[in-house]
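The values are calculated or read from the model by the stated rules, or taken from the named source; none is laboratory data. Keep in mind that this is a model prediction, so the values were computed, not measured. We place every Cβ from the backbone using ideal geometry, glycine too, and count neighbours over all the protein chains shown. Ligands, DNA and RNA are stripped out before the accessible areas are found, and what is left, the full protein with its side chains, is counted by its heavy atoms. Shrake-Rupley method; radii C 1.70, N 1.55, O 1.52, S 1.80 Å.
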Amino acid sequence: MHLRPVGVSILAILDFIGAGVMALCGVTFLIGVGALLHAPLFATLGTVGGIACLLLAALPAAIGWGLWTLHNWARALTILFAALGILGALFGFLSPDLRFVALLPLLVNGIVAAYLMRDEVRVAFA
């Protein structure tokens, strides 16, 4: 068994935080929208949105658990999502108004992907 690198622990914790925020949004939609808006359409949209948020919260929770327990599938998924984030940021550079905004996700996703592909990190997941 390998020791978990500190950077992997940080990424896992960030995934857990993201999952918690998404779940909190889901609960807020389920409780808040129905209570505040008595229109049936908005209540239905709140319910659907809340359930969707709760379901979507499962993805970062699962990836965070996979990173925490050093499962290589979680590392691969994180690299995949970082690559998609890089691609999305590159599309942001097509617009002169979004170039500066796209720089941060480009850097963060690039750093995450490069870190997870380092030899010592790959060995920890082996």
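Numbers at a glance
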quantity	calculated
Nearest-ten-degree value, helix 6-28 long axis tilted from longest Cα axis of the chain	10
Per residue accessible area in Å² of the chain, where ligands, DNA and RNA are left out and the probe is 1.4 Å	64
Apportionment of accessible area to carbon and sulfur, region 62-126, percent (1.4 Å)	76
In degrees, nearest ten, helix 99-116 long axis to first principal axis of the chain (Cα)	50
C-alpha long axis of helix 40-68 to longest principal axis of the chain, angle in °	20
Ratio of the Cα radius of gyration of the chain to 2.2 N^0.38 Å, where N counts its residues	1.30
Under 13 Å, Cβ to Cβ, from Ala124 - net charge with Lys/Arg +1 and Asp/Glu -1	+2
